[in-house]
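Written below as structure tokens is the structure these notes are about.
The values are calculated or read from the model by the stated rules, or taken from the named source; none is laboratory data. Computed from a prediction, not measured in an experiment: that's the story for all the values here. Note: ideal-geometry Cβ built from the backbone for every residue, glycine included; neighbour counts use all protein chains shown. Areas reflect the complete protein model, heavy atoms only, side chains present, ligands, DNA and RNA absent. Shrake-Rupley method; radii C 1.70, N 1.55, O 1.52, S 1.80 Å.
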Amino acid sequence: MKVVYWSSTGNTERMAEMLGEEIKNAGGEAEVCELSTVSPADLAGEDSFALGASAMGDEELDEGEVEPFVEELEKSVSGKKVALFGSYDWGDGEWMRKWEERMKEAGAEVVGTVIANNEPGDEDQANLAELAKKLV
Ligand SMILES: Cc1cc2nc3c(=O)[nH]c(=O)nc-3n(C[C@H](O)[C@H](O)[C@H](O)COP(=O)(O)O)c2cc1C
């Protein structure tokens, strides 16, 4: 399955790599791809996938790339199993709660979310391992 991520400084990218490893550990196949290399139409053909993006703006998704991607994705995500993940700094994860709600309203089955404060560590990897098991 595809693990698609957007990352400004590499923190969410590292989470995507960890999630990819954990999907393989859970017996699945993972293809980790940067968001700009994938279109929402590519994901329309997938039953399940993971999508990661860090907190930007004021508890928002990056408005240049991620927001338009997610708006398009909302049209085709109904019935799919989706895992969301991303890194943040000073907030409390509000951006992820809003993102999860949007995906659910669009009809996605959000199997779980993982947020990491700045660079992901061992605890985050453990959370990503649990997320991987729900996806595979
Ligand atoms: C322009 C900008 C806006 C940000 N807005 C938020 C925010 O609203 N809430 C928050 O918790 N962190 C915010 N951050 C911090 C990033 O989410 C944090 O540095 C994160 O680790 C970046 O992950 P990335 O390297 O995967 O992009 C912001 C950072 C930048 C540069």
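Give the accessible area for GLU67 in Å² (nearest 10); use a 1.4 Å probe, count only protein heavy atoms, and leave out ligands, DNA and RNA.
It works out to around 40 Å².
Rounded to the nearest 500 deg cm²/dmol, what is the calculated helix-only ellipticity per residue at 222 nm for the chain, with -39500 (n - 2.57) per DSSP H run of length n ≥ 4? Spell out each step's value before the answer.
On the way: 5 runs with 54 residues, N = 136.
Taking each H run of at least 4 residues, the total per residue is -12000 deg cm²/dmol.
Count neighbours as other Cβ atoms within 10 Å of each site's Cβ, and list the GluC sites (Glu not before Pro) in segment 1-86 that are DSSP loop with at most 11 such neighbours.
Values: sites: GLU13, GLU17, GLU21, GLU22, GLU29, GLU31, GLU34, GLU46, GLU59, GLU60, GLU63, GLU65, GLU71, GLU72, GLU74; in loops: GLU29, GLU46, GLU59, GLU63, GLU65, GLU74.
Qualifying residues, ordered by number: GLU29, GLU63.
Quote the Stokes-Einstein diffusion coefficient, in whole µm² s⁻¹, for the chain, based on the Kirkwood radius over alpha carbon pairs, a temperature of 20 °C and a viscosity of 1.002 mPa s.
Details: Rh = 14.4 Å.
Rounded to a whole number, D works out at 149 µm²/s.
Top mean-square fluctuation among GLY112, GLY57, GLY79, Gaussian network model of the chain, C-alpha springs under 10 Å?
GLY57
Treating cross-link reach as a plain straight distance, find the lysines whose alpha-carbon is under 20 Å from the alpha-carbon of LYS2, omitting any fewer than eight places away in the same chain.
Straight-line reach from LYS2, under 20 Å: LYS24, LYS75, LYS80, LYS81, LYS104, LYS133, LYS134.
Sort out for me the Cα centre separation of segment 31-96 from segment 108-136, rounded to whole Å.
14
Can you tell me the length gained on complete extension of the stretch SER36 to SER78, counting 0.36 nm per residue apart and subtracting the Cα distance?
Working: separation 42, 0.36 × 42 = 15.12 nm, distance 2.21 nm.
Fully extending the segment from SER36 to SER78 adds 12.9 nm.
Set Lys and Arg Cβ to +1 and Asp and Glu Cβ to -1, take the dipole of the chain about its Cα centre, and tell me which of MET1, GLN125, ALA53 lies farthest positive.
Looking along the dipole axis, the top candidate is MET1.
Given the options VAL38, VAL114, VAL77, state which has the largest fluctuation in a GNM of the chain using a 10 Å cut-off (strictly under) for Cα springs.
It is VAL38.
Where Rh is the Kirkwood radius over the Cα pairs of segment 94-136, the temperature 4 °C and the viscosity 1.567 mPa s, what D in µm²/s does Stokes-Einstein return?
My calculation gives 114 µm²/s for D.
Kindly sort VAL111, VAL136 by accessible area of their heavy atoms, largest first, with the probe set to 1.4 Å. Intermediate results must be reported in sequence, preceding the final value.
Working: VAL111 25, VAL136 75 Å².
Largest to smallest exposure gives the sequence VAL136, VAL111.
Please give the contour-minus-distance gain from ALA44 to ASN25: 0.36 nm per residue of separation, less the Cα-Cα distance, rounded to one decimal in nm. Mind showing how you got there, number by number?
Values: separation 19, 0.36 × 19 = 6.84 nm, distance 2.53 nm.
Separation in residues times 0.36 nm, less the Cα-Cα distance, equals 4.3 nm.
Taking the Cα centre of segment 1-129 as origin, sum charge times position over the Cβ atoms of Lys and Arg (+1) and Asp and Glu (-1), and report the length of that vector in debye to the nearest 20. Don't skip to the answer; put the middle values down first.
Numbers: 10 positive and 31 negative charges, 99 e Å.
Dipole about the Cα centre, nearest 20: 480 debye.
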